[in-house]
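Quick notes on the structure that follows.
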Amino acid sequence: MEYGLGPIIERSSGILILGSFPGPLSLKKREYYAHPQNQFWHILANLLGQEDTPKDYKKKKALLAKFGIGLWDMVASCKRSGAYDGNIRDMTLNDIRGLLDQYPNIKAVFLNGRKAEALFKKHCKLSVCAKYLPSTSPAYAGISRNKKLGAWESILKFISNR
């Protein structure tokens, strides 16, 4: 059994981005989106008008805090071989409803990839605005980084510190 990471969130967070479950490198480093080919931090930095993508994890977390972005995963624990979401078995879900109750400033949830979207739709019957975003995973090469960036722009209307 593998156990995921805790949420990164502040009282001032206005949006929550949910992935499915951290990949092996992220679990080893205890950092969200640690795989160097994952586009998450690059896309986020670009959207938020940053000149460079932060390299240090503390700076990445500070970027989230500065712009009111929370980060977590749908799955709390599971069995999985490799990084492919389709291999997730025997999962326990995170308490998304409980987190949203604790952080009432969250106005929208963004779902990083189809697995996160499917789990959210099936298990989280909530009235919060929820929107699918194309996965930033290197395994999802179906669309270009620029097209992903365009889709991810939808988070901007929920971010006030730009």
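Where a number appears in this text, it was derived from the coordinates with a stated rule and is not lab data. Keep in mind that what you see is a predicted model, and the values were worked out from it rather than measured. Here the Cβ positions follow ideal geometry from the backbone for every residue, glycine too, while neighbour counts run over all protein chains shown.
Suppose we keep only residues that are of a type in the set (S, T, N, Q) and under 21 Å from Tyr3 (Cα atoms) within the stretch 81-114. Which one would you say is surrounded by the fewest Cβ atoms within 10 Å (Cβ to Cβ)?
That would be Ser81.
Counting only residues that are of a type outside the set (Lys, Arg) and not in a helix (DSSP H, G or I), how many does the stretch 111-151 have?
Selection size over the stretch 111-151: 22.
Test of understanding: among Asp52, Asp56, Asp90, which residue is more than 26 Å from Val128 (Cα to Cα) and in contact with a Cys (Cβ under 7 Å, 6 or more places away or on another chain)?
So the residue among Asp52, Asp56, Asp90 that is more than 26 Å from Val128 (Cα to Cα) and in contact with a Cys (Cβ under 7 Å, 6 or more places away or on another chain) is Asp90.
Being over 12 Å from Leu18 (Cα atoms) and either touching a helix residue (DSSP H, G or I) at 6+ places or on another chain (Cβ under 9 Å) or not aliphatic (A, V, I, L, M) (or both), is that true of even one residue in the stretch 107-115?
yes
Please work out if Cys129 is of a type outside the set (Gly, Ala, Ser) and surrounded by 13 or more Cβ atoms within 10 Å (Cβ to Cβ).
no
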